[in-house]
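Visitor: I'd like to ask you about the structure that follows.
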Amino acid sequence: MKQIYVKYDKRSIPELPKVQFEGRIVVIHTVGEARRAVDYLLRFHRLGIDTETRPSFKPGAMNPVALLQISTPDTCFLFRLNMMGLPDCLVRLLTDRTSQKIGLSLHDDWAQLRRRVPFEPVNYIDLQDYVKQLGVEDMSLLKLYANLFGQKISKHQRLSNWEADVLTEPQKRYAATDAWACLNLYHEINRLLTTRDYQLVVNPEPISQETANLDCS
């Protein structure tokens with residue numbers, strides 16, 4: 001029986017083995033390339049999805065979404081929206097009723113994507129809502145993956161420049177991992193909900209230094 005936690009202790013994450021997407025990564029720069037990629041992606045019933053935005057260090061300022069990642073189990077497409085905008089073919093995918101989109105905090109992603117082109121996404125699952133059915137209260141991808149798989153996803157590239165002329169290999173691997181990980185989490189949550197083969201554990205609250213001093217007095 002698998003043991004999972006209501007809230008995973010983030011202090012344990014650095015000691016976990018690292019995981020990353022090892023499949024094929026395809027970077028999409030043009031609308032023509034995007035059309036062909038969407039035709040391929042529409043063959044799949046479920047897709048992992050995520051976005052990246054160049055960070056802004058000015059209070060209140062926010063840049064448009066620069067990258068849209070859409071992953072199958074073995075291939076991830078990185079759509080460079082800063083170079084081609086949000087073309088009709090991608091809107092078609094995001095509003096397609098036969099292809100289920102799996103992501104984390106998707107309401108935020110939709111809001112940012114709609115700043116480029118208005119659309120109404122359909123047939124999607126937000127893992128922050130879905131995982132609550134297990135009794136898990138974690139909301140971040142990092143903690144959810146550690147909790148359900150005992151593996152660590154690196155977040156070192158999160159604040160890098162997603163509008164750079166050429167994405168680095170670490171950037172591409174990071175972006176692909178996030179979308180692919182969402183797909184993995186969905187399948188594992190669904191498996192546990194079906195089999196009930198898990199034990200939910202409540203972590204004890206960490207002892208504060210003040211409490212420790214009182215116990216020793």
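Every read-out reported here was derived from the displayed coordinates using simple, explicitly stated rules and does not represent laboratory data. Predicted model only: the values in this text are computed from it and were never measured. Cβ placement follows ideal geometry from the backbone for every residue including glycine, while neighbour counts extend to all protein chains displayed.
Visitor: For segment 45-62, which positions are closer than 19 Å to VAL27 by Cβ and either out of contact with any Phe, Trp or Tyr (no Cβ under 7 Å at 6 or more places or on another chain) or of a type outside the set (Ser, Thr, Tyr) (or both)?
Guide: Residues satisfying the conditions are LEU47, GLY48, ILE49, ASP50, THR51, GLU52, ARG54.
Visitor: Next up: Is it true that GLY85 is small (Gly, Ala, Ser) and farther than 18 Å from ILE153 by Cα?
Guide: yes
Visitor: Going by the conditions given, is MET62 out of contact with any Pro (no Cβ under 8 Å at 6 or more places or on another chain), exposed (fewer than 14 other Cβ atoms within 10 Å of the Cβ) and of a type in the set (A, V, I, L, M)?
Guide: yes
Visitor: Give the number of residues within segment 152-189 that are under 19 Å from ASP9 (Cβ atoms) and surrounded by fewer than 16 Cβ atoms within 10 Å (Cβ to Cβ).
Guide: Residues in segment 152-189 being under 19 Å from ASP9 (Cβ atoms) and surrounded by fewer than 16 Cβ atoms within 10 Å (Cβ to Cβ): 2 in total.
Visitor: Would you point out the residue of segment 24-48, among those that are of a type outside the set (Val, Ile, Thr) and in contact with a helix residue (DSSP H, G or I) (Cβ under 7 Å, 6 or more places away or on another chain), that is surrounded by the fewest Cβ atoms within 10 Å (Cβ to Cβ)?
Guide: Here the answer is HIS29.
Visitor: Ok, one more. Could you list, in sequence order, the residues of segment 142-186 that are outside any loop (DSSP other than H, G, I, E, B) and among the β-branched types (Val, Ile, Thr)?
Guide: Of everything in segment 142-186, just one residue is outside any loop (DSSP other than H, G, I, E, B) and among the β-branched types (Val, Ile, Thr), namely THR177.
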